[in-house]
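Here is the structure we will look at.
The values are calculated or read from the model by the stated rules, or taken from the named source; none is laboratory data. Computed from a predicted model, the values in this text were never measured in an experiment. Neighbour counts run over all protein chains shown; Cβ positions are idealised from the backbone, glycine included.
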Amino acid sequence: MPRSPLHILRWSSERHQYELVTQHHLEQHFHTEHQWLLWLETATSFSFQGASGRLNVYKEARARGGTYWYAYAPASKRTRKRYLGQTANLTFERLEETARALNSSSPETTSPPQPVEQPVILRTKLSPPHLPVMAIRRARLHTRLDAAKSHRLTLVSASAGWGKTTLLSAWAAQAPERVAWLSLDELDNNPVRFWLSVLAALRTRLPAIGKHTQMMLNAQQPPALTTIIMTLLHDLETLAEPLFLLLDDYHHITEQSIHDTMLFLLEHLPPHLHLILVSRIDPPFALSRLRLHGQLLELRDADVRFLEDEAASFLSQTMGLTLEANDVHLLVRRTAGWVAGLQLAAFSMQHYEDRSEFIRAFTGGHRSLLDYVQEEILTGLPPALHDFLLQTSLLKSITAPLCQAVTHETRSQELLEAIERANLFVVPLDRERRWYRIHDLFREALQRRLKATQPELVPLLHQRAARWYEEQGARQEAIAHALDGADYDYAIALMQQRVEVAWLRGEAQNLYHWIMALPETYIRAHADFVLTATLYLLNTAASVSHPQHRSTLDRVKQMITRVEANLRQPDLPEPENLQRLQQRLSLLHLGIEHIEIMASTSDDIETLIRRLTQVQQQMQALHLDDEIVWHTIPLSVAFILHWSLLQKSGFLIPQYQEAWQRARQSGNPFALLKISQWLALLYLGVGQLSLAYQQSIEALALIEQFDGYALLKGYFLFCLVNVLYHRNQVEEARPLLQSMLHDAQIFQQVDLQIAARIYQIKVELAAGEHARAHDMLQQVQALVQSQGFSLHAERIIPVCVEYWLATGDLAQAAQWATSYTSETWKDNDTATVLLVARIFLVLQRYPAALELLERFREQYFEQMENTENKAEFLALLVVALHQTGKREQVHTTLLRLLALCEPEKRLRVLLNMGQPMRHILTRFLNSDEDATLRSFASSVLAAFAREEQRRVGGTSANKASRNASAPASSNPLTAQEQRVLRLLAAGQTYAEIAERLVVSRNTIKTQVSSIYRKLGVSRRVEALTLAQQLSLLQENITP
């Protein structure tokens, strides 16, 4: 290992940033990773002292050429070494990861991931309630529940008070490592919160799963829930032993989208994962179909009722009562084995000498039991305990600090323990006995008594609870209590603090429910806030799946309607900000129209342009206020219209630069990153590569600082890939493309998936890897075909032509070119003209190519704003002039081309012209033209030489190496997809497969589409042929 480095990059825990030290002097703070990578360009070594360990890092030359970074760390009596790659790979995260790996005790293994630490309130939901010491074991029901491993779904459905949770807790205690427990409540009705909680439950048993699932759920605009669940299921495919996901109190879930995704989960469960639902009512699933195919295990009221022997054990062991057999028999008959009735009766009869007489008078019904609670139990309690129970009944879960904050009772912990000792329907939720839950029936009786005797106290208790929850950082619970306590000003203040966080975490739907719970006077007084919340909810509508898209827009419209109705009231004075509110309302209406236009699949491009132009004109007529977040709607419309559809957007750059400055000053990360995304793409549109690169690097650094914006990462990676490709840094582009494609597939971003595939094809063609380019072309064609959107289809035409020309399929290229007969051009015809000219040149139709290019130059060239298109046009024109013997014009045009390409180091456009351009540049080197241009021409010729050397000497080795690690050599299909594939091979129809696998026909269609996409095919025959080659049909999987 070389001598110790002069420079030290170290982590400052005090400043929370990395800093550079040279010879014991602090030289520089790195506020962004971009600054660090710029410094690294000139360095050859440094020492790293990070949060995860220490390294020495050196840039070393390889025998085959090129320099790369390597990390060294001492380990016992030797030094461990790891390859880091090129400069762009040396991110802070990569260095920390390498330091952690090289400084670990074993170089071969890494320690298993630890369970994610959960907030205390959530942690109590992830374990079964603690069982009482004298809890009875109901062996017959445990045996029934053991059969859950043979069923997809186990449903324990019975009304309140039947002992469902206690039964399942006792059963789970037999093998706790096999049960992932989650207790649900009303707040879990938000789909994102629900699935984050499910993931947290699964991680208590499988701590390493769900990294990508959590990233998707925490994204500022999560992908479709089915996509998220498929990602989670993929992680669970490796289960080798049975695991039970148990959801207690599922009756709290009323959100249809959660029911839909639970049904999707059921239909795609891996073989070793089993679902157990505990509920007071049946979930809205197709239970009859599961029942018919033996996939459903059910326990209902009649199953979980206490038999006489169980009731006798419960009364004697748990409740401390000894009764005659006849009394037990009568009590079981009166209560129908309802354990809540048994417990209430047992508690009440402790005050009676003649227990037999009590049992004969006991009716056992729900209503009479509530009366017993009030007349027999509560009246006999000490005043302090009585008041404590009443006042804490408003809380779903209780702990001593919370109870003290609500009741002002300093002996809260002592009273909780006394309640538990008295068997007053309180269940401990953890072993430490810090958190408890009061049985719902008992809570109901307590709340009725509290509201009947002390109604004025109810709002105050809720308000105290709200403030305690806020202090603990549990803002959702705080807002819920503030609303229940009619403390609307406080609730709105909490909502205003949470509005962007709620949107980032996919909880914008909660804002809707909270706001709809506000009285009309508060809607009017806080109309500004209500409309801002509506704006965030509108932003979610653009990315959710179709059913959610419709319901989200409906909720947006309801919120708008409430504000409009309040502003129209004639008997109230006009608010001071009326004009601003009206402008924002108009903007929201136009934003809805914009989203509905883009969601339409029936419109052609011309119709889309016309409709969006009308929306933009109406937005321009509005007078927007200074809050930058409200400008994102018109900025989005303008970008889509001019950049995506009209493809002439350079004039927008000053406007977006100004907006970016305002967003940075505002401190709003959403506005800043969205505008950064648009600005980087606008820079690319006019060929300003350096600005696009810089904007993207800075944005990626920002994304690392703010949670929830991973969804935008792919757009900035696309910009970096674009720049690297045009500068012929194709190897540096490869890992970015892989990351971009991976994220785009996770988030179901079709536009980025297509863009990534297109540039992968370009990179492979540049490297001479035609076979891999062919595979990728088939994949992107299948993806485009599955979308059915004409814009996507047009995007892949240029790369198809590039592939035909690179592989010598001139007949296909010529056939496509002859279909182009347009005599006039518009902005979006530029790419087509350039492709046709390139085909003519390859076909050696030089006069036709020159005539086409000359005609295009006369009519349109000077109006072109895209530098990339201009450079390609000039490169084609240079070759056409050269091939037609117009030497003088060649020289003049070449000068213009080189002057255009040199500042941004655009090599690829020249390399793509092939050997004719190489000959032209070789001759140019002998001229006495500008030294800068000749130097640039020399660098292009050097690149030509490197490509020739690689193709002659390295193609076979490269192909062998890449084919060895190609994804196709492994099994890309899930176990369920392989079952479907085997049944397809057996000749079964979709309906037959659905019947066999107990799923819907639409589910099979979705899975077949996924199989085709993963295999890069579009027909059954192709899929089965490729599956046979990959041995995918020989897996020992039982359908």
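Data table
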read-out: Boolean, LEU344 is modelled with pLDDT under 85, aliphatic (A, V, I, L, M) and surrounded by 21 or more Cβ atoms within 10 Å (Cβ to Cβ); value: yes
read-out: Residue within the stretch 858-874 that is among the aromatic types (Phe, Trp, Tyr), in a helix (DSSP H, G or I) and farther than 25 Å from ILE653 by Cβ present; value: no
read-out: Those residues of the stretch 322-341 which are surrounded by fewer than 19 Cβ atoms within 10 Å (Cβ to Cβ) and either in a loop (DSSP other than H, G, I, E, B) or of a type in the set (Val, Ile, Thr) (or both), in sequence order; value: THR322, GLU324, ALA336
read-out: When residues of the stretch 796-820 are limited to those that are within 18 Å of LEU852 (Cα to Cα) and of a type in the set (S, T, N, Q), the one surrounded by the fewest Cβ atoms within 10 Å (Cβ to Cβ); value: SER819
read-out: Only one of ALA831, ALA875 that is within 19 Å of PRO798 (Cβ to Cβ), buried (at least 21 other Cβ atoms within 10 Å of the Cβ), modelled with pLDDT of 80 or more and not assigned by TED's automatic domain parsing to the domain that holds LEU641; value: ALA875
read-out: Yes/no for ALA405 being surrounded by 21 or more Cβ atoms within 10 Å (Cβ to Cβ), modelled with pLDDT of 85 or more and within 41 Å of the chain's Cα centre (by Cα); value: no
read-out: Per-region count, the stretch 459-481, residues more than 15 Å from VAL406 (Cα to Cα) and either polar (S, T, N, Q) or at pLDDT below 90 (or both); value: 4
read-out: Selection status of VAL842, in contact with a Ser or Thr (Cβ under 8 Å, 6 or more places away or on another chain), free of Cβ contacts under 8 Å to residues at least 60 places away in the same chain and within 23 Å of LEU765 (Cα to Cα); value: no
read-out: Residues being modelled with pLDDT under 75 and part of a strand (DSSP E or B) - total across the stretch 68-84; value: 4
read-out: Of all residues making up the stretch 387-402, the number that are in contact with a Phe, Trp or Tyr (Cβ under 7 Å, 6 or more places away or on another chain) and either of a type in the set (A, V, I, L, M) or without any contact (Cβ under 8 Å) to a residue 60 or more places away in the chain (or both); value: 3
read-out: Condition broken by ARG838, with the remaining ones in (1) of a type in the set (Lys, Arg); (2) surrounded by fewer than 21 Cβ atoms within 10 Å (Cβ to Cβ); (3) under 49 Å from the mean Cα position of the chain (by Cα) satisfied; value: (2)
read-out: Per-region count, the stretch 905-940, residues under 15 Å from ALA875 (Cβ atoms) and assigned to a helix (DSSP H, G or I); value: 16
read-out: Residue match in the stretch 495-505 (condition: closer than 15 Å to LYS396 by Cβ, at pLDDT below 90 and part of a loop (DSSP other than H, G, I, E, B)); value: no
read-out: Those residues of the stretch 159-183 which are in a loop (DSSP other than H, G, I, E, B) and surrounded by 22 or more Cβ atoms within 10 Å (Cβ to Cβ), in sequence order; value: GLY161, TRP162, GLY163
read-out: Considering residues of the stretch 249-294 that are of a type in the set (Lys, Arg) and in contact (Cβ under 8 Å) with a residue 24 or more places away in the chain only, the residue farthest from HIS439 (Cα to Cα); value: ARG289
read-out: Subset of the stretch 626-658 [surrounded by 16 or more Cβ atoms within 10 Å (Cβ to Cβ) and of a type in the set (Asp, Glu)]; value: GLU627
read-out: Residue check, VAL133 in the same structural domain as ASN218 (by TED's automatic domain parsing) and at pLDDT below 75; value: yes
read-out: Selection status of GLN949, surrounded by fewer than 15 Cβ atoms within 10 Å (Cβ to Cβ) and modelled with pLDDT of 75 or more; value: yes
read-out: Matching residues, the stretch 896-911, being within 16 Å of ALA806 (Cα to Cα) and either free of Cβ contacts under 8 Å to residues at least 40 places away in the same chain or not assigned by TED's automatic domain parsing to the domain that holds LYS886 (or both); value: LEU910
read-out: Test for ILE398: is it buried (at least 17 other Cβ atoms within 10 Å of the Cβ) and under 19 Å from GLU186 (Cα atoms); value: yes
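Per-residue answers, yes or no, for (1) buried (at least 18 other Cβ atoms within 10 Å of the Cβ); (2) touching a Lys or Arg at 6+ places or on another chain (Cβ under 8 Å); (3) of a type in the set (Ser, Thr, Tyr); (4) at pLDDT below 90:
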{"residue": "ALA517", "(1), (2), (3), (4)": "no, no, no, no"}
{"residue": "THR521", "(1), (2), (3), (4)": "no, no, yes, yes"}
{"residue": "LEU537", "(1), (2), (3), (4)": "yes, yes, no, yes"}
{"residue": "THR540", "(1), (2), (3), (4)": "yes, no, yes, yes"}
{"residue": "GLN548", "(1), (2), (3), (4)": "yes, no, no, yes"}
{"residue": "ILE560", "(1), (2), (3), (4)": "yes, no, no, no"}
{"residue": "HIS589", "(1), (2), (3), (4)": "no, no, no, no"}
{"residue": "SER602", "(1), (2), (3), (4)": "no, no, yes, yes"}
{"residue": "THR607", "(1), (2), (3), (4)": "no, no, yes, yes"}
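Every residue, every condition in (1) over 28 Å from LEU712 (Cα atoms); (2) modelled with pLDDT of 90 or more, yes or no:
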position	(1), (2)
GLN214	no, no
GLN220	no, no
THR226	no, no
ASP249	yes, yes
PRO271	yes, no
LEU299	yes, yes
VAL304	yes, no
SER316	yes, no
